[in-house]
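No value in this document is a laboratory result; all are computed from the given coordinates. None of these values were measured; they are calculated from a predicted model. FYI the Cβ positions are ideal-geometry reconstructions off the backbone, even for glycines, and counts take in every protein chain you see.
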Amino acid sequence: MSRETLAYHWGKHHRTYVENLNKQVVGTDLEGLSLEDIIIVTYNKGDILPAFNNAAQAWNHDFFWESMKPGGGGKPSGDLLDLIERDFGSFERFIEEFKAAAATQFGSGWAWLAYKANRLDVENAVNPWPSEKDKELVIVKSPNAVNPLVWDYFPLLTIDVWEHAYYLDFQNRRPDYISVFMEKLVSWETVNTRLEKAKARAAEREMEEERRRKEEEEGKPTNEEEDDDDLEMYVDNDNDDSEAE
């Protein structure tokens, strides 16, 4: 990735998403939420609210930058490699499938490796979404700003395939950009750390669900029933959702 691409991508495109989001949330119920919570609330089960695109793009880009390191690439190890080999057959097969997903995403979007812990919320999904119930790791591609958080997945790795991510360096040769990313930039240490965190969060969720089931069986009110003050859905009349492309 050249200095010029980084300057435009991080200094202009990414910065514009953040600035637009700050304008949209100020003085609203979204202002005190985490970026992940803003994404879920404004995705609104597919009926997208105005701040979603800027919130998701700001999050996606942070995640993208953190997925890379100088002198990256190579091959992961430990639990990550074990899961990749179990769910894709081999690391080489995974690389082929990830590259294909990124190359075939039509128009602007992203390709992802995600940990799903068999927790797909069908009502919260949009196409394309995975259907292989027995796998924990999945490769998905998403249009525009959409990311796996809205499918209740844990993202582990992403590549940006919006044209601004590669056009200065590779012009229309998206597959070449994808190959350089996978072979020379991916930080597998970061991906492995994300997997460990995803497993821990999934285990916490399972414990919380078990607690709720027991409370329901015993006739006790759950935390959701006790909380009558739902977050008021945000509507931005100014609709400041300009893209940075």
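Among all the lysines, which ones have a C-alpha under 16 Å from Lys197's C-alpha, if same-chain residues fewer than 8 places away are not counted?
Counting by Cα, and skipping residues close in sequence, Lys197 has these lysines nearby: Lys116.
Regarding region 45-111, what whole-number volume in Å³ per residue does the convex hull of its Cα atoms give?
Normalising the Cα hull of region 45-111 by residue number yields 144 Å³.
Tell me the relative contact order for region 3-204 as a rounded percent, counting alpha carbon contacts under 8 Å between residues six or more apart.
Computed value for region 3-204: 27 percent relative contact order.
Within straight cross-link reach of Lys75, meaning Cα distance under 18 Å, which lysines are found once same-chain residues fewer than 8 apart are removed?
Lys99, Lys184
So what are region 3-204's ellipsoid semi-axes, whole angstrom, largest first, if each one is the square root of 5 times an eigenvalue of the alpha-carbon gyration tensor?
Whole-Å semi-axes of the equivalent ellipsoid: 25, 22, 15.
Counting Lys +1, Arg +1, Asp -1, Glu -1, what net charge surrounds Thr190 among other residues with beta carbon under 13 Å of its beta carbon?
On the way: positive: Lys69, Arg194, Lys197; negative: Asp62, Glu66, Glu189, Glu196.
Spelling it out: positives minus negatives among the neighbours equals -1.
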